[in-house]
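Everything below concerns the one structure shown next.
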Amino acid sequence: MGNIGETTLEIDLSALAHNFNYLKAKLNPNTKFLAVVKAFAYGNDMVTIAKKLEKLKVDYLAVAYAKEGVLLRDAGIRLPILVLHPQTINFSELIDRCLEPSLYSPRILREFLKKTSQKGQKDYPVHIKFNTGLNRLGFWESDVDFIQDTLEGRDEIKIVSLFSHLAASEDRDEEKFSLRQIASFQKINTSLAKRLGYQPMRHMLNTSGIVNYPEAQFDMVRSGIGLYGYGNQPEIDNELKPVATLKTIISQLHKIEPHESVGYNRAYTSDGYRTTATLPIGHADGIGRQYGNGKTHVSIHRQKAPIIGNVCMDMVMVDVTDIDCKEGDEVVIFGDGNSAEDFAKSANTLSYELLTAISQRVTRKIKE
Ligand SMILES: *Cc1c(COP(=O)(O)O)cnc(C)c1O
């Protein structure tokens, strides 16, 4: 069996294709698919993932910041790329690299008009973001007149889409709130489209939205976490395949006497004879301190080994007393056989945080 030899994030592109096809099958035939590849494609390899998605014929990509879009353009990605949260300082580069900004406030709209005008642009594609209840980013319904007045007689930009974002799409207890957001978005869309005299694309749903609000697909959906194998609910998780599996190896085994301590601040004390394994992965690799002190386990030869003591910067120690293992053996942190969602939940967080935290020093290995 090929040993990975060091901490490695294995990225399974066939799982990505499976997840894309699964989500795509939930869409109406004409609904476009935007793949969210921000944050290094949720900790996977952004360029590799984007190239695969281009082959799978997604319609759009989205990143959070202009810098991420520049990396994709440098790698030769030609799909349209929506930048969800651009800053004015990057507008010039954004235009030079044909990235499409989300315009989310009067300030951002004015500044982008100014920049496109300076650069002699005509019909530059932009997306208008509306706040319908998340209260994070976006124009308000009451800004529709402002948007129309500001654009009157200007041809530097062209609105290709109107969009909004649900606050609790995975939470059935908030269904009423989500339906109100959808209705509010529809109302905004109708009034702005009428004033503009044309109908831009409309989109609202993230992964859990696709699952829970199929009636609100509009013209496009925006999926991130689902593509990477997690669906925020067990029935969906069962259908999806994790793209990323984080593996490492056993660096050293120690025999611990009763009442000895392990690790910094002596946070763990043995209650008997124990065997511990030290693994070359720590909080600098994305396994935060919240996973230490027995809360979370890793998997060695498909058996559970709890993380004991405090997580260090470059190492964790796990209890392998009851596991037949040796130095150099493979350890699965999460992924295939040890879900990232369960791993994250054990320390009160989400697969989103765990996946995006895997740092760039972890070797990425692509499986076709
Ligand atoms: C990150 C993000 C998404 C993707 O959400 P998932 O839950 O990962 O599918 C969609 N839309 C916006 C605006 C986002 O910021």
Does Gly328 satisfy the criteria of being in the same structural domain as Tyr268 (by TED's automatic domain parsing), buried (at least 19 other Cβ atoms within 10 Å of the Cβ) and in contact with a strand residue (DSSP E or B) (Cβ under 9 Å, 6 or more places away or on another chain)?
-> no
With respect to Phe112, determine if the residue is surrounded by 13 or more Cβ atoms within 10 Å (Cβ to Cβ) and within 16 Å of the ligand (Cβ to nearest atom).
-> no
Does any residue of the stretch 73-96 turn out to be open to solvent by 10 Å² or more (accessible area, probe 1.4 Å), farther than 20 Å from Ala17 by Cβ, within 15 Å of the ligand (Cβ to nearest atom) and not in a loop (DSSP other than H, G, I, E, B)?
-> no
Quick count over the stretch 202-232, residues being under 16 Å from the mean Cα position of the chain (by Cα) and more than 10 Å from the ligand (Cβ to nearest atom), is 1
Enumeration of residues in the stretch 157-192 that are touching a helix residue (DSSP H, G or I) at 6+ places or on another chain (Cβ under 7 Å), part of a helix (DSSP H, G or I) and either buried (at least 16 other Cβ atoms within 10 Å of the Cβ) or not assigned by TED's automatic domain parsing to the domain that holds Asp123 (or both) | Ile182, Ser184, Ile188, Leu192
Pairs with Cβ under 6 Å, 6+ apart, first in the stretch 98-113 and more than 17 Å from Tyr65 (Cβ to Cβ), second in a strand (DSSP E or B) and within 16 Å of the ligand (Cβ to nearest atom) | Leu109/Leu103
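Within the stretch 193-201, is there a residue that is assigned by TED's automatic domain parsing to the domain that holds Lys38, under 20 Å from Val83 (Cα atoms) and outside any helix (DSSP H, G or I)?
Initial filter on the stretch 193-201 (assigned by TED's automatic domain parsing to the domain that holds Lys38): 193-201.
So of that shortlist, the ones also under 20 Å from Val83 (Cα atoms) come out as 200-201.
With the extra rule that they be outside any helix (DSSP H, G or I), the set shrinks to 200-201.
Yes, some residue in the stretch 193-201 is assigned by TED's automatic domain parsing to the domain that holds Lys38, under 20 Å from Val83 (Cα atoms) and outside any helix (DSSP H, G or I).
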State the number of residues belonging to the stretch 233-245 that are assigned to a loop (DSSP other than H, G, I, E, B), within 14 Å of the ligand (Cβ to nearest atom) and surrounded by fewer than 23 Cβ atoms within 10 Å (Cβ to Cβ).
-> 2
What number of residues within the stretch 1-58 satisfy the criterion of being buried (at least 16 other Cβ atoms within 10 Å of the Cβ), touching a strand residue (DSSP E or B) at 6+ places or on another chain (Cβ under 7 Å) and charged (D, E, K, R)?
-> 6
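The values are calculated or read from the model by the stated rules, or taken from the named source; none is laboratory data. Everything numeric here is computed off the predicted structure, so don't read it as measured data. Every residue, glycine as well, gets a Cβ built from its backbone with ideal geometry; the counts of neighbours run over all protein chains shown. The area values use the complete protein model at the heavy-atom level, side chains included, leaving out ligands, DNA and RNA. Shrake-Rupley method; radii C 1.70, N 1.55, O 1.52, S 1.80 Å.
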